[in-house]
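First comes the structure, then the notes that go with it.
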Number of protein chains: 2
Amino acid sequence: MSTIREVADMAGVSVATVSRTLQQPDRVSPKTRVRVQEAIDHLGYKPNLMAVKFRSGKTQVLVALVPTVANVFFARVIKGMQEAAASQGYSLLLMNTMGDDDIERNCAKLVDTSQADGVIQLRAFNPFAPDQFQSEALLPMVNACEIVDGARFPTVTLDNRAAAKAMTEHLISLGHRRIAMVKGPQSSPLTRDRLAGYEDALKAAGLSIDDSLLCAGDFTLSSGYRAATTLLSLPKRPTAIFCENDEMAMGAMRKVREAGLSIPEDISIAGFDNIAFSAYAEPPLTTIAQPAEEFGETAVNVLIDVLNGKTKHALKVILPFELITRQSTGPAPDSANP
Amino acid sequence: MSTIREVADMAGVSVATVSRTLQQPDRVSPKTRVRVQEAIDHLGYKPNLMAVKFRSGKTQVLVALVPTVANVFFARVIKGMQEAAASQGYSLLLMNTMGDDDIERNCAKLVDTSQADGVIQLRAFNPFAPDQFQSEALLPMVNACEIVDGARFPTVTLDNRAAAKAMTEHLISLGHRRIAMVKGPQSSPLTRDRLAGYEDALKAAGLSIDDSLLCAGDFTLSSGYRAATTLLSLPKRPTAIFCENDEMAMGAMRKVREAGLSIPEDISIAGFDNIAFSAYAEPPLTTIAQPAEEFGETAVNVLIDVLNGKTKHALKVILPFELITRQSTGPAPDSANP
DNA sequence: GTAAAAGATGTTATCGGTTACATTTACACA
DNA sequence: TGTGTAAATGTAACCGATAACATCTTTTAC
C-alpha cells in the first residue's frame, strides 16, 4: 500500500501539496494538480483513513447497541440506521448485547477509547442499574425504541401507552370484556407503558383489571405459546389476547389453534409491531404498526446532530403508530357475555 | 480525554514506562507499576485505540456485506458473526448492500483504506460482473451462505443441491408427481443449486421436468404469495410446492388457504432455512434446517485465520443440513395419481 | 571490590496523514 | 526596474501510542 510520501516523491512535490490536491484542489496549480493525480493513479494510492481519523479525532463510526439482531423488528430498525448512517458518511458498528449490562458498558467504551463517535441504544437503561454509564452526561448517545421517562439523552420513541390503549379500545369495541395481555420482560419500560395503556382503556370502559389475565413473556414466539397455554387453562378463559409484540402473538395463535379453537370466532388475538409475517399469518394479525426503519433513521440523524452540537440534550422525538385491523380480531363470542 | 503523556507526567515516569505497565506489566518494577496505575485511575485514562490501530496497521474490524439485514435468516447469520468476532476481539461493521455491486465495491474499499482488516460476503459474486473486485486476490475475504464454484476465496456453505434433492425426494416419497418449485432470483447461485437438486431427484425418480411448474421469486413473503397465485391458476395445478426459502413458503401458504385449499390435504408446501416462524406457521412448515449462526461464526473464524496467514485460499467449509418434517407436507391427494 | 549480567527506565523515531507557518515564485503596477 | 501582493509550494510540528535502542541501576558471582 503506497503512502502520501511516495506519491509526493513520484510527482516531485511535497506531501503538503499532495494533501492539498486531495483536500482543496483549487489551492494547487492546474499543472501540479495533474502531475499529482497521475502519480496517485499510477501508484493506486488510497489515503489511509485510519491515519486521518486518528489525527482528526473523529472516527465517523456510530455504535448501535441492539438487544438481539436476530429479531424481525430490530432488523428493520438496523436497516434504517445503516442507511441513514451511510448517507451521512458514517459507518455503523453493530453490537449484539443480549440485553447484558456488562456488554453494553463495554461497547460504550468504544467511544471512550476513540473508536466510535457516538452510541445508539435500542434498549432502555435498566432502572435497577442507574449508574450504568458513569460518564452518562458526556457520552454522545441517543436512546431509541424503548425509552424511560426523564432520560438524560435525546430519545426517539412512540407513544406506547396510547398505542396499547388504542388496541385495547378496539377489542372492547368488539364486545370483549375478558381481555388478556401477554407482557414483555418485567424490566422493560415498553412493557410498563403498554400495560398502562391497556389499563387506561379498561378503566375508561369501566372494566376491572384481572391479574390472572396478565402473563409475562419475553418477546419470543415460544413465550407467546407458553403464555397462551396458561391463559387457555384458566377456569374462565379470555375472549381476546393482546400480546405486546407480534412474535408472541404468533406463538399464541399456534397454541390456540392446537387447542382446537378458532381465531377470531373463539378468541381474538392482537399483536404489536406489524412485522412482515403478520399479514401472512393465519388469520392475518391485527396489530400496531411502528415505523421501524424510521426509528433507526431518526436515531442516527439525532445522534449526528448531537455530535455536531446541534441538538439539545432533552430532545424527545415521538413517532406515530397506526392500528392495523386484520382478521385475527373479531366480535366477542356470545358465551362471553353472560 | 487524557493521554499517555499526562499519565507519565503525573506518575513521574516516561511514556514508555506507562506503555509497558499496560502491555508487559512484568517488565516494570512493582512500585512504579502501582504509581502508574494510580495515575491512570486518577486521570481516568483510556488508551486511544485509534492511535494504536493506526500505528499497528491492524483495525480489528471486519466488514460484513449483507444483502438485507432485515431478513430473518441473515439476522441469525449476523448474530453468529457478531459473537464470533467479539470473542476474538474484533468488531463487526455491518453493511446493508441490497445486493448492489457499487455499494459492495465501496464497502470493500474500507479494507483498501485501512478502515477494516477483512470482508465477509454473504452474497455470491455476480457472475455477470466477474471483475467485481479488481484486487480480488489481495482482499482478505470469505464468502458465506451463497457461493459460486471456483471461488478464489475461502467459502462457507452447505450442499444446497443435496439439500434440495433430499426435500424433493421427501415429496416424491409421499406420492407427489407434480411438484412445483418457487425459485429465488435468477442470478443467485443458490437458486441454481437448489434447482439442480430438485431436478436430480425428479430424474432419479423417472419424473419429467415441467417448466410450467417453475416460478421465480425473490425470497420475500409477497413473492411467494404471487408465485402461488400463478401456480394455482394452472390448468393442472401442482400437488406440492417447494419454495427455496421459508418466507416464500409462508407467502405461498397464505395464498393456498385464501384459495380455500387445505395444507397438506390438497397441497403440500415445503420451505428452506427453518426460520423460527416456520415451526409456528399453520400448519408448521416442513423445511431444511441450516445452521445459520454457525455460518456466521465459521465465516468469521476462517476470515481471522486468513488474516493470520493460517488458511490457504481455497478452503471450502461445508456445513450440514437437516430435513425437518412437519405438517405442511403430506401424502399426495388421490386425484393427483390418475 | 569489581566486572558482568540482569533489570528498570528513559529517549526518540515512527506510523500517515493535516495544517500552521515559512518561503518561494509570479505577476501587476508605479 | 523595483516593490508589493497574491498564489503556489515547502517545512515541520503534531495527533497518541509503540518499541528499538540507549542508559542507568541493581544483583550476582568470583
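The values are calculated or read from the model by the stated rules, or taken from the named source; none is laboratory data. Nothing here was measured: the structure is a model prediction, and the numbers come from that model. Note that each Cβ is placed from the backbone with ideal geometry, even for glycine, and that neighbours are counted across all protein chains shown.
A few comments on the model shown:
- The residues of the range A:112-134 that are part of a loop (DSSP other than H, G, I, E, B), more than 14 Å from every other protein chain (Cβ to nearest Cβ) and modelled with pLDDT of 50 or more, listed by number, are A:Arg123, A:Ala124, A:Phe125.
- Residue pairs meeting the criteria (Cβ under 6 Å; at least 6 apart or on separate chains; first over 16 Å from B:Gly217 (Cβ atoms), in the range B:173-185; second in a loop (DSSP other than H, G, I, E, B) and of a type in the set (Asp, Glu)): none
- Applying the condition of being away from DNA strand D (no atom under 11 Å from the Cβ) and under 13 Å from B:His42 (Cα atoms) to the range B:1-26 and asking which residue is surrounded by the most Cβ atoms within 10 Å (Cβ to Cβ) yields B:Ala11.
- There is at least one residue in the range A:307-325 that is in a helix (DSSP H, G or I), assigned by TED's automatic domain parsing to the domain that holds A:Gly118 and touching a Pro at 6+ places or on another chain (Cβ under 9 Å).
- Selection from the range B:96-106 of residues that are surrounded by fewer than 22 Cβ atoms within 10 Å (Cβ to Cβ) and within 11 Å of another protein chain (Cβ to nearest Cβ): B:Met98, B:Ile103, B:Asn106
- Elements of the type helices (runs of 4 or more DSSP H) sitting completely within the range A:1-53 and holding at least 3 residues that are polar (S, T, N, Q): these cover A:15-23.
- Of the residues A:Lys316, A:Lys310, the single one that is basic (Lys, Arg), away from every other protein chain (no Cβ under 14 Å) and in contact (Cβ under 8 Å) with a residue 60 or more places away in the chain is A:Lys316.
- Residue check for A:Thr68: in contact with a Phe, Trp or Tyr (Cβ under 8 Å, 6 or more places away or on another chain), touching a residue at least 24 places away in the same chain (Cβ under 8 Å) and surrounded by fewer than 17 Cβ atoms within 10 Å (Cβ to Cβ): no
- Scanning the range B:36-43 for residues that are more than 14 Å from chain A (Cβ to nearest Cβ) and within 8 Å of DNA strand C (Cβ to nearest atom) turns up nothing.
- All of A:Phe74, A:Phe54 fail the test of being touching a strand residue (DSSP E or B) at 6+ places or on another chain (Cβ under 9 Å) and facing another protein chain (nearest Cβ under 9 Å), apart from A:Phe74.
- Strands (runs of 3 or more DSSP E) lying entirely in the range B:156-266 (those with 3 or more residues that are crowded, with 20+ Cβ neighbours inside 10 Å): B:179-183, B:240-243
- Considering only residues in the range B:54-85 that are among the β-branched types (Val, Ile, Thr) and assigned to a helix (DSSP H, G or I), the one that is nearest to the chain's Cα centre (by Cα) turns out to be B:Val77.
- In the range B:1-30, the residues that are closer than 29 Å to A:Asp117 by Cα, within 8 Å of DNA strand C (Cβ to nearest atom) and basic (Lys, Arg): B:Arg20
- Within the range B:277-294, tally of residues that are more than 9 Å from every other protein chain (Cβ to nearest Cβ), part of a helix (DSSP H, G or I) and crowded, with 21+ Cβ neighbours inside 10 Å: 1
- In the range A:54-79, the qualifying residues are those that are away from DNA strand D (no atom under 16 Å from the Cβ) and small (Gly, Ala, Ser), and the one that is nearest to A:Ala124 (Cα to Cα) is A:Ala64.
- Residue match in the range B:71-79 (condition: β-branched (Val, Ile, Thr), surrounded by fewer than 22 Cβ atoms within 10 Å (Cβ to Cβ) and either away from DNA strand C (no atom under 16 Å from the Cβ) or outside the structural domain of B:Val119 (by TED's automatic domain parsing) (or both)): no
- Cβ pairs under 9 Å, 6+ apart, first in the range B:258-278 and at positive phi, second of a type in the set (Val, Ile, Thr) and at pLDDT 95 or above: B:Asp273/B:Thr287; B:Asp273/B:Ile288; B:Asn274/B:Thr287; B:Asn274/B:Ile288; B:Asn274/B:Ile324
- Residues being in contact with a strand residue (DSSP E or B) (Cβ under 8 Å, 6 or more places away or on another chain) and more than 10 Å from chain B (Cβ to nearest Cβ) - total across the range A:250-262: 1
- From the options B:Ala279, B:Ala299, residue that is closer than 30 Å to B:Gln327 by Cβ and of a type outside the set (Ser, Thr, Tyr): B:Ala279
- Total residues in the range A:250-287 satisfying the condition of being more than 19 Å from the chain's Cα centre (by Cα) and under 25 Å from A:Glu146 (Cβ atoms): the figure is 10.
- Scan of the range B:224-252 for residues that are of a type in the set (A, V, I, L, M), more than 17 Å from B:Arg326 (Cβ to Cβ) and in contact (Cβ under 8 Å) with a residue 40 or more places away in the chain, ordered by number: B:Ala227, B:Ala228, B:Leu231
- Considering residues of the range B:86-95 that are surrounded by 21 or more Cβ atoms within 10 Å (Cβ to Cβ) and either touching an Asp or Glu at 6+ places or on another chain (Cβ under 9 Å) or part of a helix (DSSP H, G or I) (or both) only, the residue nearest to the other protein chains (Cβ to nearest Cβ): B:Met95
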